[in-house]
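Note sheet for the following structure.
Quick note: the coordinates plus some simple rules give every number you see, no bench work behind them. What you see is a predicted model; the values in this text were computed from it and never measured. With ideal geometry, Cβ positions are generated from the backbone for all residues, glycine too; neighbour counts draw on all protein chains shown.
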Amino acid sequence: MQAQEIGHEQVLRSALEASGQRFTEQRAAVYRYLSSTDVHPTADEVFLTVRTDLPGISLATVYKSLETLVGCGLAVKLTYSDGSARYDGRTDPHHHARCTTCGIVMDIEGGLSPEQVEALRTRADGFRVMGYRLELSGVCAGCAEAA
C-alpha cells in the first residue's frame with residue numbers, strides 16, 4: 001500500500017470511528033476514488049469506477065458508502081433542483097461552476113469574505129447564516145464551442 005493510501009485510510013478510519021461507523025473495504029474504495037478525482041461524480045459513476053477494483057460491490061453499497069462519507073464530513077453531496085446529485089471529495093471551502101448543457105461540475109477556488117457574507121446576511125432580515133454554497137451555472141467551454 002502506498003503512503004498516500006495509508007494516509008487516506010487513517011483519515012477514513014478516524015472519521016468513521018468518530019461517527020460511530022465501522023471501516024469497510026467498500027467504504028475505503030469509495031473514499032479512495034472520491035478523494036482522488038475532481039470530476040464530481042454521480043453515485044452511478046462512482047459505482048462503475050469502484051467495481052473495477054471490487055467487482056462484488058453493489059450500487060446500493062456505493063450509495064450507502066457515499067452517504068456515510070457525507071455524514072462523516074469526508075465528502076460533500078451537491079444536490080440540484082432536478083433531483084440529481086454529485087459527490088465532491090474536497091471538503092475545503094471552494095465553489096463550483098456547473099454546465100447546464102453537459103452537467104459537468106468544476107471547482108472554483110476562493111470564497112466570499114466575511115464582510116461579503118455579512119452584507120448578504122443583513123439583506124435577509126433576521127436570518128441567521130449557518131453556511132453558504134455558491135454555484136455558478138452556465139455553459140462550459142466545450143459545450144459553448146460545440147454550439
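Worth pointing out:
- Distance (nanometres) between label positions extended 7 Å along Cα→Cβ at Asp125 and Asp53: 5.3
- Within the chain, helix-based [θ] at 222 nm, where runs of 4 or more DSSP H residues each add -39,500 (n - 2.57), nearest 500: -13500 deg cm²/dmol
- Electrostatic dipole magnitude of the chain [Cβ: Lys, Arg +1; Asp, Glu -1; Cα centre; debye, to 20]: 400
- Rg ratio (alpha-carbon, reference 2.2 N^0.38 Å) - the chain: 1.19
- Computed E for Leu112/Val39 - FRET, C-beta separation, R0 22 angstrom, nearest 0.05: 0.35
- Take every Cα pair under 8 Å whose residues are at least 6 apart in sequence, average their separation, divide by the length of the chain, and the relative contact order is 20 percent.
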